[in-house]
Amino acid sequence: MASSKKKDLKSSGPKDSNSDTNDEDKDELCPGFRDVDAFVKHGFGAVLSATKASAGLPQAGDEYDFYRSFPGFQEFCESQGDKLLHCMSQIMQHHGCRSHMRDRNKLTGLEERFDLVVDSNDVILERVGILLDEADGVNRSQQPVMPAGFQPPKIVVSSWNRKGSSSSSRSETFRLLHAKNITRPQLKFKEKVDNSNTPFIPKIFIKPNAVKPLPSYFTNKQMRKERPEDLDVPAALADFIHQQRTQEHVDDMFAHPYQYELDHLTIPENLLSKPEPQMYKPVAETKLSFVDTLEDLVALNEKLCKLSEFAVDLEHHSYRSFLGLTCLMQISTRGEDFIIDTLELRSEMYILNEAFTDPSIVKVFHGADSDIEWLQRDFGLYVVNLFDTHQASRALNLARHSLDHLLKHFCSVDSDKRYQLADWRVRPLPDEMVQYARTDTHYLLYIYDCVRVQLLDFNHGQPGLLQSVWNKSRSISLKKYVKPIYTEESYLELQRKQKKSFNTQQLTAFRLLFAWRDKLARQEDESTGYVLPTHMMIKISEELPKEPQGIIACCNPVPPLVRQYINELHLLVQEAREMPLLKAEIAAQKKTGLTPIKKPEVPLFGPHDTSRVSESDPPQISADELPVKQGMLFSEDEDKMDVDAQKESGLVASAKITLFEMICVSAAQMKARRIIESFENPFRMYLPSTDVHVNKNAKFDPSSKIFEISKRWKLQSVEQQQTELEAKKKAKQEAKEMAKKQTEERTKAKQSYQESLKNVATVRQQVAESSNAGGKKRERVDSEVGDLTPKPSKKLMKSAEKPQKTEVTPQDSFKPFDYSQSDLKVFAGNTSKDNTQFDPNRQKTPKGQKNNTGAGNRSMSYLPGKSDRGFRHNWPKR
């Protein structure tokens, strides 16, 4: 602008001096500056001179302290500082910022003034950037340039709040009605909600339209009042205890009451034939009845029993209740709509079982998977002869299977799904929510007719496809409500869904927080998402804050119960931080199953050679084939684990004959090797890898993690030590008893052996008997000429005769005795107790003295006589 004006001034031609001076005054940007360039040039020079002057000032440190000691320098610094602060305050006031720069009364004045400067700089620089963009021709307020054919994304969360394309939609803003200060309806229930960690037992006690009578357990519901000892026990657990006491069959408690009726349900022919769709009445012309009293409910049941079909839908609330609440029930007939306040009539809703279980009446639902479970849980209602339009839509392969799509497809009605997630506990209900609830069932019977027609046309008039829809609907009716049960491994399923990898400390924190959330939710009758949402629980588990403020920082917004129980949560996080830190892979491996044992690779090893596999080792089976077994450390279930290992080892037969048997290794070495291979260090999961350097000082520092882990290795409870000592004592006593038994058995065996020897005849007696019987003496056989052995004496012959065990019957002809078949131990005789060492030069004992050595100790081939052998040698003991 300034340059264009200058060109105009030059091209205007010569004029008088007064007009020139007036034009120059008008064209000045600032007093003393004709254009922007002059102002920028002057300002740039001033900034440079100020920078040079500031660089020439004494630097912070000893130099500044030295100059600061002079009073003149102090006065100069204070005066210049006041001028700078005044100038800065004016600039900040000009830009609309706070400018209390000269307030020095507060202790934190310096920090506050610094924050003011930072904020003012941000505002000024942002404004400068906007002005520069405008000077360059960029306007931020304009819409960005989009390519041809580009459609901006619509702000749509889901199908329930999708805008209608037509202009007839009444409202453009989507809002969810939520009651913040509503009275909890659970407080008004006659039968309190059972949030205990016990299985769900059906509430039914009267079974209308029964083909098979209701078990006696359900008919005697009042027996609980006759058991005052079970008043403090949850209802389901008290019933289970009573069943165990009376030894009744417990399966009836958890069976579907209408299992038999649904299994034997047959669809009539008229429901499998092509119907004529009956058009629905307009909503404005249809009567609407709000049922909130027992009399109205009984009248409604009588009306429903006279019909052939009616449509049903439910409105549910699950955020401020642990199990959930069915807040509303909508029922529509061909000419009337009903809305039932199920919160008010919760304990009387069982009356509708008469109509809901009538097999001649069709109950039309859309997406009844959850509705069937909610009816059982809250009211004890069951459905027989159900038709689900959602299953019919899937059989027809429609583009979408939601109710709003069916309304648009068959009825040309745009449903308003803004209130699907509203708080249906609100009483009284607004008109908008009443109209929404009414729309869900008003058109459903007409859709039921149209869907049956299309199912028959789609299958060329054959009822096979329609019959399949009836069968799927019946399987939905057979669903049973299952209460969420907490176990010690429930948190693992949630962790797998989140796909998070934790170390041991984080996993422990996640487990403790999960257990705390479940317990508090059951106690306060709140949903787990209200107590502590899952993403916040994962955030706390990952961060492991050291302070309670860190836990609150992980939650945005902070749940009320988290703020109330913040100290308890802090203790849980501290407990998790005390766990030994391991890698995620090792922790997961130790948690999910047995640690894999790495065997050393042996050459010449075949897949069918099991000779190198000890019987105590578990078989090497893949993770898919092997059942997962939890690892344990200092557990009481070690005996059970050993039994399981024996069962698994029995699956693999050890080789009896193998080609790869190691012949060079002794049996003792093989046994020692098997013992070493079967041993596995239970603390291996805590040991660091071999390539990690561990400081020696850290092992003895109580504050280090290594010292803590090493201490944890040595920790065993006093009870375990006592059990080990008792086991050792028992083992010693058993060993002593076994030793006594063995000694007694040995003594008995010796006595019986000695008694058996008394009745055994010697060889001399046998020969005498044989000679007496034959009358002839034994003829001596002459020795051969070359035989140099001298004739043995008669004494040696007598001593060489050995007794036999078995008696030999006398025979006519003498046969030599076969000594190879005799027991050589018999020749041992009674050994001398004083000297057991063999001495070949031992002298004969005189006839008057008693010879201690038995005849069996002498060799039959030894000749008596002196010998030089044995004098200078110590013969070894036998």
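The values are calculated or read from the model by the stated rules, or taken from the named source; none is laboratory data. Because the structure is a prediction, the values reported are computed rather than measured. Positions of Cβ are generated from backbone atoms using ideal geometry, with glycine treated the same way; all protein chains shown enter the neighbour counts. Note: areas computed on protein heavy atoms with side chains; ligands, DNA, RNA excluded. Shrake-Rupley method; radii C 1.70, N 1.55, O 1.52, S 1.80 Å.
Test of the criteria: in region 246-324, which trypsin sites (Lys or Arg not before Pro) are in a DSSP loop and have at most 12 other Cβ atoms within 10 angstrom of their Cβ?
Lys306
I'd like the GluC sites (Glu not before Pro) in region 489-536 restricted to DSSP loop residues with at most 13 other Cβ atoms within 10 Å, sorted by number.
Those satisfying the criteria are Glu489.
Using amide H atoms built in the peptide plane, which far-off residues or other-chain residues are under 5 Å from Val362 H to H?
Long-range HN contacts for Val362: Glu309, Phe310.
Could you provide, to the nearest whole Å², the per residue accessible area of region 489-584 with probe 1.4 Å?
51
Of the accessible area of region 197-478, with the probe set at 1.4 angstrom, what percent is carbon plus sulfur?
51
As an exercise, identify the trypsin sites (Lys or Arg not before Pro) in region 423-528 lying in DSSP coil whose Cβ has no more than 13 other Cβ atoms within 10 Å.
Sites meeting the loop and neighbour criteria: Lys499.
So how much slack lies between Gln523 and Ile552, counting 0.36 nm per residue of separation and subtracting their Cα-Cα distance, in nm?
Length gained, Gln523 through Ile552: 8.2 nm.
In square angstrom, what is the accessible area per residue of region 311-435 with a 1.4 angstrom probe?
About 30 Å² of surface per residue is accessible.
Quick one: if the Förster radius is 30 Å, what FRET efficiency do Gln90 and Arg68 give, using the C-beta to C-beta distance and rounding to 0.05?
0.60
Which of the listed residues, Leu572, His535, Ala521, is farthest toward the dipole's positive end in region 489-584, when Lys, Arg count +1 and Asp, Glu count -1 at the beta-carbon?
Highest projection toward the positive end goes to His535.
How much accessible area does Glu261 have with a 1.4 Å probe, in Å² rounded to the nearest 10?
For Glu261, the solvent-accessible surface is approximately 20 Å².
In square nanometres, what is the average projected area of the Cα convex hull of region 489-584?
Quarter of the Cα hull surface area: 5.7 nm².
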